[in-house]
Amino acid sequence: SSLPPIYQGTVETYCGVRPEGPGAVSVLVEPSKTESYKTKDGKMADGASMILHLKELGILLVTGHKSGDAVYSVFKEDGTDITAADPASPLSVETCSTCHSGYEAFCVKGQCASGQ
């Protein structure tokens, strides 16, 4: 594929949740943190920062920050926490952390963006 490696890895991960892929997605950024995302400097204030909404699955992948560190969690649209305890699950904190720290060209301190 001509997509950047982070996108290929993301699709592969979400195919572990649903074999045909995640379907429609939406990226929601906390308005007060939009400038930090644009600069991609890795400096985020505490609290929720970004949500990747897997619309067809009804799943919210949440990236937050606490004391400068990224914090990951997974919720259903109704607010039920479904973060997986199994580190091999595509919905685990470990999976989120691996992806968010494995693509230095796109991610700084858990903050991932293509700059596009």
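The values are calculated or read from the model by the stated rules, or taken from the named source; none is laboratory data. Everything quoted here is computed from the prediction, not taken from an experiment. Every residue, glycine as well, gets a Cβ built from its backbone with ideal geometry; the counts of neighbours run over all protein chains shown.
A24 - would you say it is touching a His at 6+ places or on another chain (Cβ under 8 Å) and either on the phi > 0 side of the Ramachandran plot or aliphatic (A, V, I, L, M) (or both)? Break it down stepwise before answering.
Values: touching a His at 6+ places or on another chain (Cβ under 8 Å): no; either on the phi > 0 side of the Ramachandran plot or aliphatic (A, V, I, L, M) (or both): yes.
No: the conditions fail for A24.
Identify all residues within segment 1-44 that are small (G, A, S) and either in a helix (DSSP H, G or I) or surrounded by fewer than 12 Cβ atoms within 10 Å (Cβ to Cβ) (or both); write none if there are none. Don't jump to the end; show me each part of the working.
Applying the first criterion (small (G, A, S)) to segment 1-44 yields 1-2, 9, 16, 21, 23-24, 26, 32, 36, 42.
If the condition is that a residue be small (G, A, S) and either in a helix (DSSP H, G or I) or surrounded by fewer than 12 Cβ atoms within 10 Å (Cβ to Cβ) (or both), then S1, S2, G9, G23, A24, S26, S32, S36 are the ones that fit.
Could you give every pair whose Cβ atoms fall below 6 Å, whose first residue belongs to segment 90-103 and is over 17 Å from L54 (Cβ atoms), and whose second residue is at pLDDT 80 or above and surrounded by fewer than 17 Cβ atoms within 10 Å (Cβ to Cβ), counting only separations of at least 6 or pairs across chains?
E94/P87
Can you pull out every residue in segment 77-97 that is acidic (D, E) and exposed (fewer than 13 other Cβ atoms within 10 Å of the Cβ)?
Within segment 77-97, the first condition is being acidic (D, E), and the residues that meet it are 77-78, 81, 86, 94.
Scanning segment 77-97 gives E77, D78, D81, D86.
State the number of residues belonging to segment 8-42 that are without any contact (Cβ under 8 Å) to a residue 60 or more places away in the chain and of a type in the set (G, A, S).
Matching residues across segment 8-42 total 5.
Could you tell me how many of the residues in segment 70-116 are under 18 Å from K38 (Cα atoms) and either of a type in the set (A, V, I, L, M) or assigned to a strand (DSSP E or B) (or both)?
The number of residues fulfilling the criteria is 7.
Restrict the check to segment 48-68 and report whether at least one residue is touching a residue at least 60 places away in the same chain (Cβ under 8 Å), out of contact with any Ser or Thr (no Cβ under 9 Å at 6 or more places or on another chain) and assigned to a loop (DSSP other than H, G, I, E, B).
Checking segment 48-68: not a single residue is touching a residue at least 60 places away in the same chain (Cβ under 8 Å), out of contact with any Ser or Thr (no Cβ under 9 Å at 6 or more places or on another chain) and assigned to a loop (DSSP other than H, G, I, E, B).
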